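In what follows, a structure is listed as structure tokens, so that the remarks can point back to it.
The values are calculated or read from the model by the stated rules, or taken from the named source; none is laboratory data. Computed from a predicted structure; not experimentally measured. Here the Cβ positions follow ideal geometry from the backbone for every residue, glycine too, while neighbour counts run over all protein chains shown. Areas reflect the complete protein model, heavy atoms only, side chains present, ligands, DNA and RNA absent. Shrake-Rupley method; radii C 1.70, N 1.55, O 1.52, S 1.80 Å.
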Amino acid sequence: MLKLCQKISRHFKTSSRLLNNIEVFVDGTPVSVAPDYSILQACQKAGVVVPHFCFHERLAVSGNCRMCIVEIEKMPKVMTACSMPVSPGMRINTKSEKTYNARGGVMEFLLANHPLDCPICDQGGECDLQDQSALYGYKIGRFMEYKRAVEDKNYGPLVATVMTRCIHCTRCIRFYEEVAGIPILGTTGRGRETEVGTYVEKMVHSELSGNLVDLCPVGALTNAPYAFTARPWELRNVMSIDPTDSITPSIEISCKGGEVKRVLPRLHEEVNEEWIHDRSRHAFDGLKRQRLNACLKKKADGSYEELTWKDALEVLAEEVSKTSGNDMVGIIGEFMDVEAVVAFRDLMYKLGCENIDAKKNGVKLSPDFRNNYLMNSRISGIEEADLLLVIGANLRLDSPVINARVRKATVLNGLNVGLIGTDDYLTYDHTHLGTSTSALTDLLKGTHPFAKTLEKAKFPMILVGANVLKREDGEAVNSVIQEIAKKYNVIKPESNWNGYNVLHNEVGTVAALEVGITSEYDPKAKPKFMYLLGADNFKPDEIPDDAFVVYQGTHGDEGASRANLILPGASYVEKSGSYVNTDGRVSLGKKAIPAPGQAKADWEILRALSEVLGQTLPYDNLQEIRYRIAELAPHLIKYDYVEPYSLSWHTVPVKGEVNKTVISDFIDNFYMTDAISRASPTMAKCSEAFNPARNTNFVPEVPIR
Amino acid sequence: MVGWGIDSILSGRFMKIFRMEGFIRTLERGRIVRFRNITDHVGSRGVAKCVGQDSYGNRYYEDFHGDDCNESFVCQRWVEYADRHDMWQTGRKVPAEWHAWLHRINDDVPSPDNSNYHHPIYKRKHLPNQSGLPGATVPLGDGRHEYAKQFQTYIKSRIYTSWEPQENAPKKRYD
């Protein structure tokens, strides 16, 4: 029996994995690479460019474009570099005549059916096929047959399709299947009749669908709102970040003249990899509509009077001098940069106002320690964790980019995902623990079936959505979550792991918490003067009817329609500012275009107001206010960096009574969550197409050119 | 001051340089001996050949056969600026092709009679270094940069529609 076992076990043995680097020769130069490298990666390491279309670093290898073929010595035929692993002593020849001829042949076949419409193609100038055909293509075409034509598909209002240009690299198919998690695209037919599309005609719907345009190496999928507006060489590109997403993904703002033409993602491995969601990418055209471009004062009859800056600040100063500091209240908006928050804090403290962020729906968190309110295991920690418990966040709507990373972790690392809150198709398998807070108390008692899994996890991660903390019993729920974290050993300082994470949905809140401002709402207080610093998502019953309301912001939205005095501010593409994301990472937004009309950067307005009030703030330019920020919090001027902090200290939240109500999903329409996206015509089209039931209060307007 | 002693004049080197460079320059060679580092070797080394002259009047010398060529730091190619009698000699007027020759980017002497060196007709005239002058290059973020001036024009070209307050206030979304 034993012998039999030994015999059988021999069959199950596999050869041990090669861990040492192996040496290959690329064009004669030796390169030491890991044994799981493909030839293409080895060539990249050697600094040799291998042309390719279908290969993409973040997608599975398909090897169907055949462009990356290279000659390998002692092999009878040329091989595709992307799908062939290296072996020791392999001699790769990328510059031989055989390779060139083979590439030329492949290019000839690709161009056989590719239309010659580069002059009218939006991809022209940044097209992979255009570039590579200039290098590897033959001078003349030898095919006299007609080119094929394919019917265009409907991919929604964001992606324009010209499917005749498609070269069947299948990047879009693999993106939807692997990253977006919606296996809806595929190929039909064979050979000349191959078509990429949905099998049954339906609209493709994903929050990350804009990334298809970046992936497509040719002009088959192009940016629909950007269509025929600019050429890449006319654009002025500004490397900035996007504060409308709470993870502040790195973006590239392309401008032509004084207008933003498009927004593209930039590479940042620890934040957004190379994806951004559709609201970040397409909501910028809201910056052209409903803008506040002059100071406005509401008259008694409800009409508005236009004021100059001097008059407006004097009116405001007069109103401030009437009220004492105790009757004042401020609300910090969602896209506020650190500079504006600090200037606001300094000014309001000078006026004697203590309650700076009086939001009813503010997060109930303590700013004492950074691990009270940040995503402590970082966004990249999702890939290290083996269990993720999401509480009260629909990740697919709250942060689609994080959702893509969670999906990647579930596929690659086998991440176990549990969800408390409203259930949805999150693009990966997950366990739904319950919809209400009773699931949390069950977990704390240990009676919930998921408790055993949580106990076994080595690096568990709890992700608390900001919507939970915005509840009226937010602090009590937070205390339960902290107790769960303590019971199941989620915080492990000895192995440098803190699994308690908060997923904010407003960068302004994080900036406020970083400088020690917490939101305190007193329902009994009747403030006489309210300063809304770009706040639009407030609850209307927070503002008493007789209060004098000042709104400083970009768009005519809820805040402006309630305000008595309106001061025009600059939006995130019109001012330089630093933003803190939910990770605690400070990143720098750059000015791309000038602000409209009289609008000014927010901290400049507050600085000017302080001078009129006779309480001059001691900074005159951006550098000086950043020194002031460094006085308050030195880590806020270290850009693109997360300052390390103690993992074990945290403020214990006050225990209270937890309402056993449903943890509801606050985002009812992903495409319209803030003032900018509510004013955006593209987002209006999207919510009409993808979310018709929830498309609310958008007044359509003829777009201007 | 003058470095030409009787012996060195009699040695014949004086006359060689005199024939090539003229009397004044020969005197300068001698005078430079004591004070200038670069040409210090020249006096001791022998006769350096002037390989060419650019449009500004700078003269370029080359000497591979100096006495102490291989021993210490020696300048094998050097320039004698046309403005060498000014208070500050500057390198701002060395044209690009001579710069390349001086710094051994290129070995071909870019003089007009050198057929190896290509002088295309469409080549622009050399623009001297503009540092400290109005035409100086400024970084992208500088207010004097072309982009910053353009940016001012963008303010006018900014297209947007301003807010039109509605008489009927929008519905409260949180009710």
For residue A:153, list the aspartates and glutamates whose Cα falls under 16 Å from its own Cα; do not include residues on the same chain fewer than 8 positions away.
-> A:193, A:195, A:201
Listing of the range A:290-316 residues, each with accessible area lower by at least 20 Å² in the full protein assembly than in the chain alone (probe 1.4 Å) = A:290, A:291, A:293, A:304
What does the highest-first list of A:30-36, A:294-300 look like by mean Cβ count within 10 Å?
-> A:294-300, A:30-36
Total formal charge among the other residues, if their Cβ is under 14 angstrom from that of residue A:387, Lys/Arg +1 and Asp/Glu -1 = -1
Return the subset of A:360/A:524; B:123/B:149; A:539/A:600; A:350/A:539; A:360/A:575 for which the Cα-Cα distance in this structure is over 23 Å, preserving the input order.
-> B:123/B:149; A:539/A:600; A:350/A:539; A:360/A:575
Which FRET efficiency, nearest 0.05, do residue B:23 and residue A:73 yield, Cβ-Cβ r, R0 56 Å?
-> 0.20
Any residues in the range B:140-166 that have 50 Å² or more less accessible area with all protein chains than in their chain alone, probe 1.4 Å, and which are they?
-> B:151, B:154, B:158, B:159, B:160, B:161, B:163
Using a 1.4 Å probe over the heavy atoms of the protein chains, calculate the carbon and sulfur portion of the accessible area of chain A as a whole percent.
-> 52
Out-of-range pairs (alpha-carbon distance over 28 Å; input A:364/A:445; A:408/A:590; A:261/A:408) = A:408/A:590; A:261/A:408
iface B-A | buried accessible area, total | probe 1.4 Å | Å², round 100 | 2400
Specify the angular offset, from 0 to 90 degrees and rounded to the nearest 10, of the alpha carbon long axis of helix A:622-632 from the longest principal axis of the alpha carbons in chain A.
-> 80
Over chain A, relative contact order from alpha-carbon pairs under 8 Å, at least 6 apart, % | 14
On Cα atoms only, tilt of A:681-690 relative to the major axis of chain A in degrees = 70
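Just the number please: accessible area per residue for the protein assembly as shown, 1.4 Å probe, all protein chains included, in Å².
I get 48 Å² per residue for this part.
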Net charge of Cβ neighbours under 13 Å - reference residue B:18; Lys, Arg +1; Asp, Glu -1 = +3
Report, to the nearest 10°, how far helix A:97-112 tilts away from the longest principal axis of the Cα atoms in chain A, using its own Cα long axis and a range of 0 to 90°.
-> 60
Using only Cα atoms, locate the centre of the range A:337-395 and the centre of the range A:245-309, then give the distance between them in Å, rounded to an integer.
-> 22
When the helix-only estimate is applied to chain A (DSSP H runs of n ≥ 4, each -39,500 (n - 2.57), divided by the residue count), what is the mean residue ellipticity at 222 nm, nearest 500 deg cm²/dmol?
-> -7500 deg cm²/dmol
Among the chymotrypsin sites (Phe, Trp or Tyr not before Pro) within the range A:393-479, which fall in a DSSP loop and have no more than 10 other Cβ atoms within 10 Å of their own Cβ?
-> A:425
Identify the chymotrypsin sites (Phe, Trp or Tyr not before Pro) of the range A:157-207 meeting these criteria: DSSP loop state and at most 16 other C-beta atoms within 10 Å of the C-beta.
-> A:199
Using a cut-off of 9 Å between beta-carbons, work out the net charge of the residues near residue A:277 (Lys and Arg +1, Asp and Glu -1, residue A:277 not included).
-> -1
